[in-house]
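Structure first, then comments.
The values are calculated or read from the model by the stated rules, or taken from the named source; none is laboratory data. Only a predicted model underlies this, so the values are computations on that prediction, with no experimental measurement involved. With ideal geometry, Cβ positions are generated from the backbone for all residues, glycine too; neighbour counts draw on all protein chains shown. Accessible surface areas use protein heavy atoms only, side chains included; no ligands, DNA or RNA. Shrake-Rupley method; radii C 1.70, N 1.55, O 1.52, S 1.80 Å.
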Amino acid sequence: MIGSTFIFLGICLVIISTIGIIRFPSFYTRLHAAGITDSSGAMLLLIGFALQNKLSINTVKITLLILILWVANSTNSYILAHTYYRSKEKTIKKD
């Protein structure tokens with residue numbers, strides 16, 4: 001029951017942030033919506049899957065996947081924002 005609740009909440013976050021990616025006007029707001037999907041939505045889904053598997057080798061694999069995604073998604077969002085900022089900065093200097 002608890003695992004299903006986490007999966008449902010994860011699906012809700014993914015749907016809401018997908019709508020945000022489509023509707024938000026600028027790159028940074030879209031990046032924020034995508035970051036919500038990457039961090040919160042995916043984590044809730046994986047936690048729900050781990051809870052439904054109880055204690056098995058799959059639970060260990062899912063836990064490792066959660067840790068990898070937690071580090072990689074934060075780094076990815078930072079790199080995307082920084083690269084976009086730097087590309088805008090170069091465009092302004094050319095003009």
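Name, by its number, the condition in (1) in a helix (DSSP H, G or I); (2) open to solvent by 60 Å² or more (accessible area, probe 1.4 Å); (3) of a type outside the set (Gly, Ala, Ser) that does not hold for LEU31.
Condition (2) is where LEU31 drops out.
Could you please let me know if GLY48 is part of a helix (DSSP H, G or I), within 13 Å of the chain's Cα centre (by Cα) and touching a residue at least 40 places away in the same chain (Cβ under 8 Å)?
Details: part of a helix (DSSP H, G or I): yes; within 13 Å of the chain's Cα centre (by Cα): no; touching a residue at least 40 places away in the same chain (Cβ under 8 Å): yes.
Against the criterion (part of a helix (DSSP H, G or I), within 13 Å of the chain's Cα centre (by Cα) and touching a residue at least 40 places away in the same chain (Cβ under 8 Å)), GLY48 does not qualify.
If I ask for residues that are open to solvent by 70 Å² or more (accessible area, probe 1.4 Å) and under 22 Å from ILE15 (Cα atoms), which ones from region 53-73 would you list?
Selection gives LEU65, TRP70.
So which pairs qualify, if the first residue must be in region 21-34 and under 15 Å from ILE79 (Cβ atoms), the second must be aliphatic (A, V, I, L, M), the Cβ gap must be under 8 Å, and the two must be at least 6 apart or on different chains?
Here the result reads TYR28/ALA81; LEU31/LEU80; LEU31/ALA81; ALA34/ILE21, each pair linking region 21-34 to a residue that is aliphatic (A, V, I, L, M).
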